[in-house]
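Visitor: Have a look at the structure that comes next, please.
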Amino acid sequence: MKKSIFILVLILVGASFSNPCASQVDVVLGLLKTSIIGSESWQDPIGLQVGAIVPVANINDMLSFRAEANLSMQGAKWEEYSLSGRTNLLYINIPLVIRYQTESGFFGEAGLQPGLLISAKDKYEDITESYMDHMNALDISIPLGVGYEFKNNFGIGFRVIPGINDITKDEDDTDRNLVFALRGTYKLNLK
């Protein structure tokens with residue numbers, strides 16, 4: 001976990017210094033409803049997301065390109081035969097989005113989100129096992145979001161993030177992540 005946080009901080013610092021014009025960083029905290037779609041046995045748990053957003057380029061007054069790095073707790077509960085358990089997945093996601101924002105504060109955004117799986121654990125009957133050998137390391141998703149930015153640096157948003165690639169190495173099934181995220185943001189002005 002410490003290594004994951006360190007990697008996340010390195011990504012954010014690198015993104016900040018790669019854009020000398022960046023004057024703000026948005027801190028993100030989100031509540032997730034995650035699931036794995038494809039197999040009928042996966043069920044939805046609740047997860048958390050924490051990260052930061054750096055505006056990379058303003059295309060015009062209403063359109064901007066934004067890079068984000070977040071640590072996202074995903075996964076699903078499952079039942080198979082007489083067993084039930086939970087697969088916990090921990091990703092470092094790097095959403096790259098184009099945001100359209102009105103002067104009043106409403107916004108819509110869409111982009112591409114590569115995610116790197118850094119931990120996969122399967123828990124059942126008081127047993128916890130690594131599940132990394134059964135999972136693909138890369139997840140590609142499409143973040144689609146709407147929200148509102150208040151004048152006091154706070155914001156709220158909702159994202160739907162469907163995965164587009166198979167996250168498991170199982171050749172019989174195709175399983176994809178599907179995430180619904182309710183996110184709060186706080187804008188830190190750096191200048």
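Visitor: Output the residues belonging to the stretch 149-167 that are surrounded by 14 or more Cβ atoms within 10 Å (Cβ to Cβ) and of a type in the set (A, V, I, L, M).
Guide: If the condition is that a residue be surrounded by 14 or more Cβ atoms within 10 Å (Cβ to Cβ) and of a type in the set (A, V, I, L, M), then Val160, Ile161, Ile167 are the ones that fit.
Visitor: Have a look at Leu48, Leu31 and point out the one that is open to solvent by 60 Å² or more (accessible area, probe 1.4 Å), at pLDDT 90 or above and under 17 Å from Ser119 (Cα atoms).
Guide: Selected residue: Leu48, the only one of Leu48, Leu31 that is open to solvent by 60 Å² or more (accessible area, probe 1.4 Å), at pLDDT 90 or above and under 17 Å from Ser119 (Cα atoms).
Visitor: Oh, and also: Give the number of residues within the stretch 89-100 that are open to solvent by 40 Å² or more (accessible area, probe 1.4 Å) and either farther than 30 Å from Phe65 by Cβ or of a type outside the set (A, V, I, L, M) (or both).
Guide: Residues flagged as open to solvent by 40 Å² or more (accessible area, probe 1.4 Å) and either farther than 30 Å from Phe65 by Cβ or of a type outside the set (A, V, I, L, M) (or both) within the stretch 89-100 amount to 1.
Visitor: From the list Ser64, Ser82, which one is surrounded by 13 or more Cβ atoms within 10 Å (Cβ to Cβ) and of a type in the set (Ser, Thr, Tyr)?
Guide: Ser64
Visitor: Among all residue pairs at least 6 apart or on different chains, which show Cβ distances below 6 Å where the first residue, located in the stretch 160-172, is farther than 20 Å from Asn93 by Cα and the second is assigned to a loop (DSSP other than H, G, I, E, B) and not polar (S, T, N, Q)?
Guide: none
Visitor: So, one more: Considering only the stretch 11-25, I want to know if a residue exists there that is at pLDDT below 90, of a type in the set (A, V, I, L, M, F, W, C), on the phi < 0 side of the Ramachandran plot and part of a strand (DSSP E or B).
Guide: Scanning the stretch 11-25 turns up at least one residue that is at pLDDT below 90, of a type in the set (A, V, I, L, M, F, W, C), on the phi < 0 side of the Ramachandran plot and part of a strand (DSSP E or B).
Visitor: Going through the stretch 114-126 one residue at a time, which ones are hydroxyl-bearing (Ser, Thr, Tyr) and either out of contact with any helix residue (DSSP H, G or I) (no Cβ under 8 Å at 6 or more places or on another chain) or open to solvent by 50 Å² or more (accessible area, probe 1.4 Å) (or both)?
Guide: Selection gives Tyr124 alone.
Visitor: Hey, among Glu171, Glu103, Glu129, which residue is open to solvent by 40 Å² or more (accessible area, probe 1.4 Å), within 27 Å of Glu79 (Cβ to Cβ), among the charged types (D, E, K, R) and part of a loop (DSSP other than H, G, I, E, B)?
Guide: The match here is Glu171.
The values are calculated or read from the model by the stated rules, or taken from the named source; none is laboratory data. Keep in mind the model is a prediction, meaning the values are calculated, not measured. We place every Cβ from the backbone using ideal geometry, glycine too, and count neighbours over all the protein chains shown. For accessibility, only protein heavy atoms count, side chains too; no ligands or nucleic acids. Shrake-Rupley method; radii C 1.70, N 1.55, O 1.52, S 1.80 Å.
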